[in-house]
Structure formats: structure tokens, C-alpha cells
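As C-alpha cells, the structure follows; a few thoughts come after it.
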Amino acid sequence: MTHFICTTCGTQFSESDEPPPTCPICEDDRQFVPQSGQEWTDMATLGQTHSLVWNEEAEGVHSLQLSPSFGIGQRAFLIEGPDGNILWDCLSLVDEASKARIAAIGGLSAIAISHPHFYSSMIGWSAACGNAPVHIHADDAQWVQRSGSALRPWTGETLRIGQATMIGCGGHFDGSSVLHCPWLEGGRGALFVGDTMQVTMDRRFVSFMRSYPNLIPLDAKAVTAISQAVQPYRFETIYSAFPGRTVESDGNRVVERSAERYLKAIAS
């Protein structure tokens with residue numbers, strides 16, 4: 001029995017003798033099935049060709065990424081916190097070196113996931129790190145492909161994880177969430193956004209989409225809701241899903257002016 005992994009989105013599935021017939025996440029219009037067709041791997045095979053690369057982004061913030069790039073190519077974050085360490089978003093591969101490194105800094109108190117595209121091997125990561133609870137928004141629970149006792153679907157607008165707060169924003173997915181960590185950046189705060197909002201190439205704005213690969217925009221109501229959801233929280237830095245896509249200062253104003261620009265563009 002194998003936990004097959006979709007090579008396009010990186011999602012790990014429940015054990016089976018044969019690969020799943022389809023990947024529901026890739027068949028959704030927010031993702032895609034390659035023209036070459038659906039392909040599968042598993043963690044043991046992936047570990048033979050890929051490795052996990054750690055990078056210190058800031059004090060208490062480490063990014064993790066697969067090299068060479070795999071699936072969607074996102075980065076996860078190990079966030080050191082006053083109430084325990086949090087893994088924000090996930091990757092398809094768990095390696096022994098990363099397990100040891102996380103254990104050496106106190107393990108994980110929680111795994112928090114922004115949305116289904118980054119579920120990847122979240123149950124595998126939990127099992128490797130002391131069965132840390134995995135927090136996903138209940139509005140996206142239908143997209144879980146490998147369940148487990150560590151899974152903690154949450155409801156409502158916010159979830160406290162120690163001093164951190166998961167904020168439900170919607171938009172990209174019904175349960176798309178961001179993570180606010182007020183102790184980072186010398187107390188000025190940081191926001192981890194996954195794909196709920198995406199830092200643009202000039203690092204001066206963020207933008208919003210229903211589907212990034214298929215270029216499907218969000219409507220004004222959804223973008224306004226995202227902006228309003230994070231407005232009460234103070235944050236200097238915005239860490240989005242992909243390497244280099246970080247807003248280093250004035251994060252609150254960046255979200256405000258980005259929403260204003262987006263709404264103006266779709267209204268014209």
C-alpha cells in the first residue's frame with residue numbers, strides 16, 4: 001500500500017494499491033491537469049531525486065522548499081514562536097534532516113495550512129513531528145485527500161494558535177486563510193498569506209485571484225472581504241507562497257492600496 005503523491009499539485013493521498021484514477025484538486029478550475037496527463041509518485045521516490053532546502057528569511061522565520069522545484073513550487077515556513085513553533089503550509093517531502101532540525105529547536109506545536117493547494121503531505125509532516133495538530137478551515141475539508149487523527153478543521157472567522165491568529169479570508173478557496181504573528185519583525189508583526197493574496201513581482205503590491213494558473217479573477221465582494229479581514233491586524237512584512245515574494249515593510253498599507261488598485265481596475 002502506497003501514499004501516492006500527485007506530481008502536478010503535490011498532494012498526498014490515502015494509502016492504496018494503485019494510483020488514484022484522478023486528482024480532484026487538479027481537476028478543479030483553480031488548478032490543472034497537464035496535457036501529458038495525470039502522473040504520480042510517492043515520498044520514497046521523491047526523496048531520491050529531491051531535497052529540502054532551508055533558508056533563514058528573518059529572525060525566527062525559516063522558509064523550506066523542495067529542490068529542484070516540485071508540484072506547485074511553494075515554500076513552507078517554520079515560524080519560531082513564544083508558545084511553540086508553527087509550520088505554515090506544507091511540502092510533499094519530509095526528510096530526516098528536517099525532522100532532526102525541527103526537533104532540535106523544540107518540535108512543532110501546530111501545523112497551519114492556508115488552503116488545499118498546500119495540503120501536500122500535511123499528515124505525513126504531523127506524524128514526523130510528534131503528531132502535531134493540523135489546522136485547516138472546515139470550509140475546505142472536502143478537499144482533504146489523506147485524513148488522520150491530527151486533522152483539526154476549524155470554523156468561523158479566526159483561530160488562535162498561541163499568540164498567532166489564523167484569519168479566514170475566503171476568496172481563492174472558501175476557507176482560504178492567512179496567519180498573523182504579532183511578535184515577529186521586532187513586534188511590528190508579519191502576515192503569512194499563502195495564495196490568499198499573492199505578492200507581485202515588484203514587491204510593492206499584492207493581488208488576488210480565484211485561479212492563478214488559469215487566470216480567473218476574483219470579484220469586488222471577495223477582494224473587499226479579504227482586505228477587511230486583515231485590516232484589524234498590524235503587520236510590517238508579508239510572506240507569500242513563492243521564493244522572493246516578500247513585502248518587507250508597510251504591509252498594512254500595501255494590502256490597502258492593492259485592494260484599491262484591484263477594485264479600480266475591475267470597475268473600469
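Quick notes on this structure:
- Scanning the stretch 210-268 for residues that are modelled with pLDDT under 95 and touching an Asp or Glu at 6+ places or on another chain (Cβ under 9 Å) yields one hit, I266.
- From the options P34, P19, residue that is without any contact (Cβ under 8 Å) to a residue 60 or more places away in the chain, more than 25 Å from A110 (Cα to Cα) and crowded, with 17+ Cβ neighbours inside 10 Å: P19
- Take the conditions (1) farther than 23 Å from D140 by Cβ; (2) of a type outside the set (V, I, T); (3) crowded, with 18+ Cβ neighbours inside 10 Å; S177 misses just one of them, which is (1).
- Residues within the stretch 5-56 that are assigned to a loop (DSSP other than H, G, I, E, B), over 18 Å from F118 (Cβ atoms) and touching a strand residue (DSSP E or B) at 6+ places or on another chain (Cβ under 6 Å), tallied: 2
- Condition met for A220 (over 16 Å from L191 (Cβ atoms) and of a type in the set (G, A, S)): yes
Residue-wise test of (1) without any contact (Cβ under 8 Å) to a residue 24 or more places away in the chain; (2) closer than 23 Å to T246 by Cβ; (3) touching a Lys or Arg at 6+ places or on another chain (Cβ under 6 Å); (4) not hydroxyl-bearing (S, T, Y).
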residue: S109; (1), (2), (3), (4): no, no, no, no
residue: H115; (1), (2), (3), (4): no, yes, no, yes
residue: F118; (1), (2), (3), (4): no, yes, no, yes
residue: I123; (1), (2), (3), (4): no, no, yes, yes
residue: V144; (1), (2), (3), (4): no, no, no, yes
residue: R160; (1), (2), (3), (4): yes, no, no, yes
residue: C169; (1), (2), (3), (4): no, yes, no, yes
residue: R188; (1), (2), (3), (4): no, yes, no, yes
residue: M197; (1), (2), (3), (4): no, yes, no, yes
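- Selection over the stretch 229-268 of residues that are assigned to a loop (DSSP other than H, G, I, E, B) and of a type outside the set (A, V, I, L, M) gives a count of 14.
- Within the stretch 60-109, considering residues that are closer than 20 Å to V144 by Cα and of a type in the set (S, T, N, Q), the one surrounded by the fewest Cβ atoms within 10 Å (Cβ to Cβ): Q74
- In the stretch 57-109, of all residues being of a type in the set (D, E, K, R) and assigned to a helix (DSSP H, G or I), the one that is nearest to I136 (Cα to Cα) corresponds to K99.
- Out of I79, I105, one residue alone is over 28 Å from P19 (Cα atoms), in contact with a Phe, Trp or Tyr (Cβ under 7 Å, 6 or more places away or on another chain), at pLDDT 95 or above and among the aliphatic types (A, V, I, L, M). It is I79.
The values are calculated or read from the model by the stated rules, or taken from the named source; none is laboratory data. Since the model is a prediction, treat every value here as computed from it, not as a measurement. A quick note on method: Cβ atoms are made from the backbone with ideal geometry, for glycine too, and the neighbour counts reach across all protein chains shown.
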